[in-house]
Amino acid sequence: QVQLVESGGGLVQPGGSLRLSCAASGSIVRIGTMSWYRPAPGKQRELVGTITSGGITNYADSVKGRFTISIDNAKNTVNLQMNSLKPEDTAVYYCNAVIFTGDDVFGAWNQYWGQGTQVTVSS
């Protein structure tokens with residue numbers, strides 16, 4: 001069983017910064033990707049940023065140049081550094097991970113979600 005625990009949300013003024021963290025724990029054999037999502041109009045959730053265990057990243061156009069995603073493979077942790085925050089960044093941010101559990105015969109890749117952490121950008 002795998003658990004994702006997020007931390008770092010809060011209230012910040014426009015132009016400010018926050019750092020989100022998500023730690024994965026449990027029967028982890030390998031991590032494929034770790035990502036952050038948030039709700040978006042017309043979508044259940046939109047991808048904010050994603051990173052592979054090898055460090056390859058991808059971002060939503062709306063956050064490019066402002067947000068940076070990083071991974072600590074030793075700690076099974078993903079971080080999201082959010083700078084120049086805007087009111088439209090206000091949302092619950094969800095951590096997502098694609099993780100391999102089990103052995104080489106019966107193991108499988110599965111997707112896991114955290115409970116979410118609230119980010120509010122307001123003056």
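Values as computed for the structure displayed
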{"read-out": "Distance in nm between pseudo-label sites at SER17 and ARG66 (7 Å out along the Cβ direction from Cα)", "value": "1.5"}
{"read-out": "Estimated FRET transfer efficiency (GLN115, ILE28; beta-carbon r; R0 25 Å; 0.05)", "value": "0.85"}
{"read-out": "Phi to ³J(HN,Hα) by Karplus 6.51 cos²θ - 1.76 cosθ + 1.60 over the range 15-29, Hz, x for Gly, Pro", "value": "x, x, 10, 9, 10, 9, 10, 9, 10, 9, 9, x, 7, 8, 9"}
{"read-out": "Under 5 Å, built H, 5+ apart or other chain: amide partners of GLY107", "value": "none"}
{"read-out": "Equivalent ellipsoid, the range 21-123 (semi-axes from 5 times Cα gyration tensor eigenvalues, Å)", "value": "27, 14, 12"}
{"read-out": "Fraction of accessible area attributable to carbon and sulfur, the range 37-117 (%, probe 1.4 Å)", "value": "49"}
{"read-out": "For THR33, residues with placed amide H under 5 Å, excluding near neighbours", "value": "VAL98"}
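The values are calculated or read from the model by the stated rules, or taken from the named source; none is laboratory data. Computed from a prediction, not measured in an experiment: that's the story for all the values here. All Cβ positions, even for glycine, are placed from backbone atoms using ideal geometry, and neighbour counts span all protein chains on display. Ligands, DNA and RNA are stripped out before the accessible areas are found, and what is left, the full protein with its side chains, is counted by its heavy atoms. Shrake-Rupley method; radii C 1.70, N 1.55, O 1.52, S 1.80 Å.
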